[in-house]
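Beneath this line is the structure, given in structure tokens, with notes to follow.
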Amino acid sequence: MAQNKWFNMQTDQVQSELDTNVNTGLRKEQVEQKQQKYGKNELPEPEKDPKWLKFLRQFNDTLIYVLIAAAVLTVILGHYADTVVILMVIIINAIIGYFQENKAEKALEGIKKMLSLESTVIRDGKHSEIASSDLVPGDIVLLSPGDKIPADLRLTATSRLTIEESSLTGESTSVEKNTETLPEDTVLGDRLNMAFSGTAVVSGSGQGIVVSTGTNTEIGKINQSIAEVEELKTPLLKQTAHFGKMISITIVSVAALLFVYAAFFFDYPIGELLLYVISLTVSAIPEGLPAILSIILSLGMQVMARNNAIMRNLPSVETLGAVTVICSDKTGTLTKNEMTVQSIELSNRHLDVTGTGYAPEGKILKNNQEVNIAEDKVLQMFLSNVLTINDAYLRKDNSGEWTISGEPTEGCLVTLAEKANQEIDRLPILSKIPFDSSYKYMAGLVEKDGKKIIYVKGAPDRLFDMADLVEGSEERKLWEDKMLARSSNGERIIGAAYKYVADDKMQIDHEDICEGLNIIGLAGILDPPREEAIEAVKVCKKAGIQVKMITGDHKATALAIAKQMGITEQDNVLEGRELDQMSEEEMQNAVRNVDVFARTSPENKLQLVTAMQENDEITAMTGDGVNDAPALKRADIGVAMGVKGTEVAKEASEMVLVDDNFNTIVNAVKEGRRVYDNLKKTILFILPTNGAEAFLIVSALIVGMNMPLSPIQVLYVNMVTAVTVSFALAFEKLEPGAMERPPRPSNAKLLSPYYIFRIILVSLLVGGAIMTMNVTLLGDPAHYTQEQVTTITLHSIVIAQVFHVFNVRNERHFAFNKDFFSNKIAFMLAGVLIVLQLMVTYIPFLRNVFDLYPIEAQYWIYPFVIGLMTFIIIEIEKYITRKISAKATFNKENKQE
Ligand code: ATP
């Protein structure tokens, strides 16, 4: 089949060759047969790295190099038990890292599946939406703007269809397609009657027959997969990796210095000294940290997906928490997209329309009296215009509810026409200009009473210009007043106009209607705000996140809705054409001071997002059309609409909203903040374990004491706390008040000065307390042996961390608050950790491995006292910090006033 030159055949021939029909498509049995024959319309998965390579890559880390070096040293020293444990830690780490990476990849793949492509096809004579992977040669596919071409198609009908083929030809300007048969030697880039898999519809519409699928398509042949490898490393993970490197260098240098120092001042045998140094090195390395951080991120991603926000990559999960501005479309995101025509304005009268929703139940009234349409030619023409220049259809669904297929703006006009007390003409369209938000109207050539006429419906201010209504003229003022009267209470206005043309006119273009239109009337459409979006705007305000409305609608409509929703209190609105005139600097000022942008074009969106980024804002921006793609790509978080968004918009975005709802974006930002806070808390929790151990070992070495913990014991402590209690922090709820503080600065350092202070404080507290205990207990050799003290030391660090996790769960506020019991997993994991401690102490085999002593029950008092003391001191410290920072904020606010 692949050798057929479909572009060189007449469409009839293509149909007979593939046994199909452009009007009715394939029959069910044909589809089944062809699916058996051709298989799925899919490209093979991109070649993945082999598993062993992925596993080996886990060892490529400075911290692991240091551990390997330590293992080699223990071999030289003959401490094979240490070698085994260090190697085990290295391997366990690699295994955790490997599985974690796999899991993250799987999660991403799952998410990609949720976003799988759909196509509109004709099968068995009916239009239906099917998964693109189920397409077979012979299927008839319909194309509209923003669609990704799902397979190679021979086009059978086109209407101003332009396609961007850069993924195949490298050429980024879009190509206008047609259906004419081409000579046999036409090269790929010139095959204008074909649409190729993987390319995208920019504008217009079309229809084509699937001629090849999967690997037989042109893109399949050049074996270029469209699936890209997603970035798994987030900025925070990169910072952690860098931090790990710094730690390794510091530790190795400190260890070397200490080695020299101790060799010089004390008479430690070299072997023992080396073991010290190894202990120090392995103690200071936060082995489990990187794995835990990526687990927290991918769990966050899954939570977001469950809440209707599908993140397309891991780094964005983190960026979300730092979002400072959300730029949202109005229609359907902030509003319900449930449209009802409320009023009609004709040149000399105002009419009201009753009824709500799409049900064609209601009346058209003038002064509360039903209008007799038969006697009102202008109203007839108005209704016929908005019904004709319309792609929507009204139908009753299975449950008897009235619904529409097509755009709500158009659907409500169909309902309006149905409310007339006589049949309204829906005329056949001879040539059409489809609606596009860049020019904001739609037009069609029709024949009425033997005359050719162009009907136009669209944004009224556009139509006024095209009707030659001079600014300031009386007629223009009359229409503008009518428009403003309706739009200033939030109604969305659609105007209808007409123009007679020569009888031989067969095709229309923009030039045909750029002047000489006659306005018939306006329809005022109500699209109420989503209640939950009003709440979400309030949440944003409190959280220091600005909300900007960027809409194609009229300025007065936009402002009225923005005010109803609490987006703005001022009357400042900027229009797209004003933005077009602005310099970069003016634009940067504008985005600081204005919240509502009306009559914007997709290019304006790109300008706005660029200006915001120049003001150092982290911007989330919504979009749905093909033309929105550049702005979505540019935004820090591009947000595509899952329902009404095009495939191209989805591909350009970081987030896809399953329900097109503004509230979902805000919930995702909330989740982003929770994830980031928990990442930070995990770091705040884990590092003091390393700090305390390092402190203990260094101070023991300096004062010339026996080694408090062996390398094996240190590694045990690090691993066991990492895989248990620190994991609990992944499940911590968002702290109360976390949505009442401003977003974190995007360039915030991994460790703030306060964090460094807290880590050092806890390290010194735990390390210092244990050191004091060691000195005291070892000073009483009659009651305490070195083995007992070592065992108590190990437990003290672990138990102190169990207490400490409850300090860290809430970064600054009191640990015992109403959420204390909310994280059940924290308690469960603390329980698991204590059981592990009992096991390594009292099960002889494990005890021997870790060189521990089965201490008498009363000795457990030391670890608990040290843990409790640390807990209480940190709570006091948090209290003092709270007071100081409250005072600082208070002073700052007073100064500003
Ligand atoms: P938002 O960007 O907030 O989603 P929007 O989708 O309403 O706004 P556009 O679709 O660009 O923005 O619509 C702009 C204007 O174009 C509307 O105010 C309306 O007057 C007109 N309009 C919208 N849809 C149609 C349509 N299908 N046919 C004719 N005119 C339309």
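The values are calculated or read from the model by the stated rules, or taken from the named source; none is laboratory data. Remember, predicted model here, so these are calculated numbers, not experimental data. Here the Cβ is made from the backbone with ideal geometry for all residues, glycine too, and neighbour counts use every protein chain on show. Just so you know, the surface numbers come from the protein's heavy atoms only, side chains and all, with ligands and any DNA or RNA stripped out. Shrake-Rupley method; radii C 1.70, N 1.55, O 1.52, S 1.80 Å.
Can you tell me how many residues within region 451-474 are surrounded by fewer than 16 Cβ atoms within 10 Å (Cβ to Cβ) and either β-branched (Val, Ile, Thr) or in contact (Cβ under 8 Å) with a residue 24 or more places away in the chain (or both)?
Of the residues in region 451-474, 3 are surrounded by fewer than 16 Cβ atoms within 10 Å (Cβ to Cβ) and either β-branched (Val, Ile, Thr) or in contact (Cβ under 8 Å) with a residue 24 or more places away in the chain (or both).
Identify, please: which residue in region 695-753 is farther than 30 Å from Ser253 by Cα and not in a loop (DSSP other than H, G, I, E, B) and is, among those, most open to solvent (accessible area, probe 1.4 Å)?
That would be Phe731.
Return a yes/no flag: does region 552-567 have any residue that is open to solvent by less than 10 Å² (accessible area, probe 1.4 Å), within 16 Å of the ligand (Cβ to nearest atom), out of contact with any Pro (no Cβ under 9 Å at 6 or more places or on another chain) and over 30 Å from Val325 (Cβ atoms).
no
Could you please find all residues in region 148-179 being open to solvent by 40 Å² or more (accessible area, probe 1.4 Å) and part of a loop (DSSP other than H, G, I, E, B)?
Within region 148-179, Gly170, Glu171, Ser172, Thr173, Ser174, Asn178, Thr179 meet the criteria.
Just wondering, is there one or more residues in region 577-594 that are surrounded by 16 or more Cβ atoms within 10 Å (Cβ to Cβ) and within 11 Å of the ligand (Cβ to nearest atom)?
Checking region 577-594: not a single residue is surrounded by 16 or more Cβ atoms within 10 Å (Cβ to Cβ) and within 11 Å of the ligand (Cβ to nearest atom).
The conditions are (1) outside any loop (DSSP other than H, G, I, E, B); (2) in contact with a Ser or Thr (Cβ under 7 Å, 6 or more places away or on another chain); (3) within 16 Å of the ligand (Cβ to nearest atom), and Ser343 fails exactly one of them. Which is it?
(2)
How many residues, within region 481-500, are assigned to a strand (DSSP E or B), within 12 Å of the ligand (Cβ to nearest atom) and either closer than 17 Å to Ser431 by Cβ or open to solvent by less than 30 Å² (accessible area, probe 1.4 Å) (or both)?
5
Take Ile872 and decide whether it is more than 19 Å from Thr791 (Cα to Cα) and at pLDDT 95 or above.
yes
Against the definition (at pLDDT below 95 and crowded, with 21+ Cβ neighbours inside 10 Å), how does His510 come out, yes or no?
No.
So how many residues does region 180-207 have that are within 23 Å of Asp12 (Cα to Cα), in a loop (DSSP other than H, G, I, E, B) and of a type in the set (Gly, Ala, Ser)?
Going through region 180-207 one residue at a time, the tally reaches 1.
Take Leu478 and decide whether it is within 15 Å of the ligand (Cβ to nearest atom) and touching a residue at least 24 places away in the same chain (Cβ under 8 Å).
It is false that Leu478 is within 15 Å of the ligand (Cβ to nearest atom) and touching a residue at least 24 places away in the same chain (Cβ under 8 Å).
Going by the structure shown, is Leu478 more than 43 Å from the chain's Cα centre (by Cα), under 20 Å from Asn348 (Cβ atoms) and open to solvent by less than 60 Å² (accessible area, probe 1.4 Å)?
Here the answer is no, as Leu478 does not meet what is asked.
So, in region 526-551, how many residues would count as being closer than 30 Å to Lys432 by Cβ and surrounded by 22 or more Cβ atoms within 10 Å (Cβ to Cβ)?
3
Restricting to region 34-73, and then to whatever is open to solvent by less than 70 Å² (accessible area, probe 1.4 Å) and among the polar types (S, T, N, Q), can you tell me which residue is farthest from the chain's Cα centre (by Cα)?
The residue in question is Gln35.
Just checking: which of the helices (runs of 4 or more DSSP H) contained wholly in region 375-469 hold 2 or more residues that are of a type in the set (Gly, Ala, Ser) and either modelled with pLDDT of 95 or more or within 16 Å of the ligand (Cβ to nearest atom) (or both)?
Passing ranges, in order: 408-418.
Would you mind stating whether Met549 is within 16 Å of the ligand (Cβ to nearest atom), touching a residue at least 60 places away in the same chain (Cβ under 8 Å), touching a helix residue (DSSP H, G or I) at 6+ places or on another chain (Cβ under 7 Å) and part of a strand (DSSP E or B)?
The answer is yes for Met549.
With the condition kept exactly as written, say whether any residue in region 525-546 is within 21 Å of Lys605 (Cβ to Cβ), in a strand (DSSP E or B) and more than 13 Å from the ligand (Cβ to nearest atom).
Checked region 525-546: at least one residue is within 21 Å of Lys605 (Cβ to Cβ), in a strand (DSSP E or B) and more than 13 Å from the ligand (Cβ to nearest atom).
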